[in-house]
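Structure, as structure tokens:
The values are calculated or read from the model by the stated rules, or taken from the named source; none is laboratory data. None of the values given here were measured: they were computed from a predicted structure. No Cβ is skipped: glycine too gets one built from the backbone with ideal geometry, and neighbour counts run over all protein chains shown.
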Amino acid sequence: MKHLLKMLDLSGEEIIDILNLADQLKYELKHGIPHPHLKGKTLGMIFQKASTRTRVSFETGMYQLGGYPLFLSSHDLQIGRGEPVQDTARVLSRYLDGIMIRTFEQKEVEDLAEYGSIPIINGLTDFCHPCQVLADLMTIREFKGSFDGLKMCFIGDGNNMANSLIVGCLKVGMAVSVACPDGYRPPAEILDFANQYDNFEITDSPLKSAENADVLITDVWASMGQEGEAEMRKKAFAGYQINDELMAVAHDDAMVLHCLPAHREEEITEKVFEAHAKEIFEEAENRLHAQKAVMVKLMAD
């Protein structure tokens, strides 16, 4: 593993390896055991999309690993003024030990990896969100003990979260059911991958998707950059909500996850969100531990 660009690039074994290290680093942090694996290393963090969890978790994680995080807003970089990404990649590779980028186009992340000579971590693109899904998988295993025999149900937009969850959950052996309205399904690249698996289904019925689910996951109806579509999306996604009706057809001990921020009473009810706040905020914390594991895997000597 040279980079973390998308879940499609990882094998099931590599995912489990990252999760095992994340569990170890979490244990060490909770017990006051130092782990300065990246002492003297510097991570450049390019943000073309704003973030709460991504910035704080990467900065804190790099500090806990003994390294130095460098926040790089697109407003402060020449890349924001038209410098080709390949030139930025080659320059930053001479200063830094790794780059995390949170941006719009997946091609930008792939180009950084192609032209740079240091590890690149995808902090989010419109296509995928591998760091979040590694944290989700870590949380599922933490609460359920293993992935064996589990069914993950995703309700909502076939967006970057859906894309990465489909791939990640299938690769670790979970069954996957996705409910999306027509016109909002995941792209062909993801569906072509998923349709190789017998334990994958996609439907336009949230109730059908949630049947016998062990894990229910959703995301906002309008992601960052789609604010202009918010009203149109509210109509399209009416009924695509995790609520008591869906929870009633899932397993009694089903858990609920949300990558946050959550729009209560849209994609999830206040009641269900608060009933599963323990899982959701453990998931948010696990961004820190999963990303630390990725940085150690990619950047440690």
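Tell me whether segment 10-18 contains one or more residues that are under 15 Å from Ile120 (Cα atoms) and out of contact with any strand residue (DSSP E or B) (no Cβ under 7 Å at 6 or more places or on another chain).
Keep residues of segment 10-18 that are under 15 Å from Ile120 (Cα atoms), which gives 10.
Among the residues that remain, those that are also out of contact with any strand residue (DSSP E or B) (no Cβ under 7 Å at 6 or more places or on another chain) are: 10.
Yes; the residues of segment 10-18 include at least one that is under 15 Å from Ile120 (Cα atoms) and out of contact with any strand residue (DSSP E or B) (no Cβ under 7 Å at 6 or more places or on another chain).
Would you confirm whether or not segment 155-171 contains a residue that is more than 16 Å from Leu257 (Cα to Cα) and of a type in the set (Val, Ile, Thr)?
The answer is yes; a qualifying residue exists.
When you scan segment 251-281, how many residues do you find that are in contact (Cβ under 8 Å) with a residue 40 or more places away in the chain and touching a Phe, Trp or Tyr at 6+ places or on another chain (Cβ under 8 Å)?
8
Kindly list the number of the only condition in (1) modelled with pLDDT of 95 or more; (2) surrounded by fewer than 17 Cβ atoms within 10 Å (Cβ to Cβ) that fails for Gly228.
Here Gly228 clears every test but (1).
Going through segment 186-216 one residue at a time, which ones are buried (at least 18 other Cβ atoms within 10 Å of the Cβ), closer than 21 Å to Ala236 by Cα, without any contact (Cβ under 8 Å) to a residue 40 or more places away in the chain and among the aliphatic types (A, V, I, L, M)?
Of everything in segment 186-216, just one residue is buried (at least 18 other Cβ atoms within 10 Å of the Cβ), closer than 21 Å to Ala236 by Cα, without any contact (Cβ under 8 Å) to a residue 40 or more places away in the chain and among the aliphatic types (A, V, I, L, M), namely Ile202.
Could you name every one of the helices (runs of 4 or more DSSP H) located completely within segment 63-147 that has at least 2 residues being out of contact with any Ser or Thr (no Cβ under 7 Å at 6 or more places or on another chain) and in the same structural domain as Ala254 (by TED's automatic domain parsing)? Lay out the reasoning, then the answer.
Values: elements: 85-92, 106-115, 130-144.
The qualifying helices (runs of 4 or more DSSP H) are 130-144.
Just need a number here: residues in segment 86-116 that are within 18 Å of the chain's Cα centre (by Cα), of a type outside the set (A, V, I, L, M), farther than 12 Å from His129 by Cα and crowded, with 17+ Cβ neighbours inside 10 Å.
Matching residues across segment 86-116 total 2.
One line per residue, one yes/no per condition, for (1) crowded, with 21+ Cβ neighbours inside 10 Å; (2) over 17 Å from Asn122 (Cα atoms); (3) at pLDDT below 95:
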residue: Asp23; (1), (2), (3): no, yes, no
residue: Glu28; (1), (2), (3): no, yes, no
residue: Pro34; (1), (2), (3): no, yes, no
residue: Ser57; (1), (2), (3): yes, no, no
residue: Leu70; (1), (2), (3): no, no, no
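Does segment 1-54 hold any residues that are assigned to a loop (DSSP other than H, G, I, E, B), closer than 24 Å to Val167 by Cα and of a type in the set (Ser, Thr, Tyr), and which are they?
The answer is Ser11, Ser51.
Got a sec? Which of Val256, Val249 is over 20 Å from Cys169 (Cα atoms), among the β-branched types (Val, Ile, Thr), surrounded by 14 or more Cβ atoms within 10 Å (Cβ to Cβ) and not assigned by TED's automatic domain parsing to the domain that holds Met100?
Val249
Please find, among Arg94, Arg53, Arg90, the residue that is touching a helix residue (DSSP H, G or I) at 6+ places or on another chain (Cβ under 8 Å) and more than 30 Å from Leu29 (Cβ to Cβ).
Checking each option against the conditions leaves just Arg90.
Select, from Ala248, Ala230, the only residue that is farther than 20 Å from Met161 by Cα, free of Cβ contacts under 8 Å to residues at least 24 places away in the same chain and of a type in the set (A, V, I, L, M, F, W, C).
Checking each option against the conditions leaves just Ala248.
Anything in segment 114-146 that is of a type in the set (A, V, I, L, M) and in contact with a strand residue (DSSP E or B) (Cβ under 6 Å, 6 or more places away or on another chain)? List them, or say none.
Once the filter is applied, which keeps residues that are of a type in the set (A, V, I, L, M) and in contact with a strand residue (DSSP E or B) (Cβ under 6 Å, 6 or more places away or on another chain), segment 114-146 yields Ile118, Ile120, Ile121, Leu124, Ile140.
If a residue has to be in a helix (DSSP H, G or I) and hydroxyl-bearing (Ser, Thr, Tyr) to count, how many in segment 251-301 make the cut?
0
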